[in-house]
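Here the structure is laid out as structure tokens; the discussion comes afterwards.
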Amino acid sequence: MKIWLDASITAHDFLSPAYWQQQFSVVRDQYLPISETYVFVEDDLVRGFVSILGGDTVGALFVAPSFQRQGVGSALIRYVQEIAKDLTLSVYVENIAAKIFYEKLGFVILLRRTTETGHDEYVMRFAE
């Protein structure tokens, strides 16, 4: 959960850290128990994880900030693409780096919508 909190605060500087701290127990107690979570471990340390909801929705992809841009996120997405061929995900419009990352992996924008935070997000789908 520390990776989730640290990476959320780092990647979403347009939302206050307090927002993510308030979401901590929701993610831990509601989302993680209903998801399939795959963890990237290297040198006995967790570097990142991806959680899949409903069999085909990337509910979370987080990499420890000190290990970002080292292929961890790409490896996690490639792994779950072998399990679920029709992956979808949501990414905040302001999170430009994540949008570009997903586009490089073959995801395309399906739609744009406003979230409960008041910020817009893109819904993206993997296009083989």
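Summary of computed values
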read-out	value
Neighbour-count ranking [beta-carbon atoms within 10 angstrom, fewest first] of Y122, Y79, Y102, Y31	Y79, Y31, Y122, Y102
Gain in span if fully extended, L32 to L110, counting 0.36 nm per residue against the direct Cα distance	25.5 nm
Interchain or long-range residues, amide H under 5 Å from L110's placed H	V123, M124, R125
Residues in region 105-128 that a label on S90 would reach, taking backbone N under 18 Å of a point 7 Å out along Cα→Cβ	108-126
Percent antiparallel among DSSP beta bridges (both partners in the chain, rounded to 5)	95
Cβ-based net charge around V93, under 14 Å, with every Lys or Arg adding one and every Asp or Glu removing one	-2
Sites H119 and I83 - FRET efficiency at Förster radius 41 Å, r taken between beta-carbons, to 0.05	0.90
Kirkwood hydrodynamic radius of region 2-126, Cα pairs, Å	14.9
The chain: relative contact order in percent, alpha carbon pairs under 8 Å with at least 6 residues between	19
10 Å beta-carbon shell around I83, net charge (K/R +1, D/E -1)	-2
For S66, S51, order by how many other beta-carbon atoms lie within 10 Å, fewest first	S66, S51
Within the chain, helix-based [θ] at 222 nm, where runs of 4 or more DSSP H residues each add -39,500 (n - 2.57), nearest 500	-9500 deg cm²/dmol
Spin-label model distance (nm) - Q21 vs A127, 7 Å beyond Cα toward Cβ	4.2
Which of V93, V27, I83, positive extreme of dipole for the chain (C-beta unit charges)	V93
Listed residue (L105, S51, A64) projecting farthest to the positive dipole end of region 2-126, Cβ model	L105
For A60, residues with placed amide H under 5 Å, excluding near neighbours	S51
Student exercise, the chain dipole from Lys, Arg, Asp, Glu Cβ charges, in Debye to nearest 20	180
Full-stretch length increase - Q70, E103 - with 0.36 nm per residue and alpha-carbon distance subtracted	10.2 nm
Residue order, fewest to most beta carbons within 10 Å, for L45, L53	L45, L53
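Read the figures in this text as sums done on the coordinates, not as results from a lab. Given the structure is predicted, the values throughout are model-derived calculations rather than measurements. Positions of Cβ are backbone-derived with ideal geometry, glycine not excepted, and every protein chain shown enters the neighbour counts.
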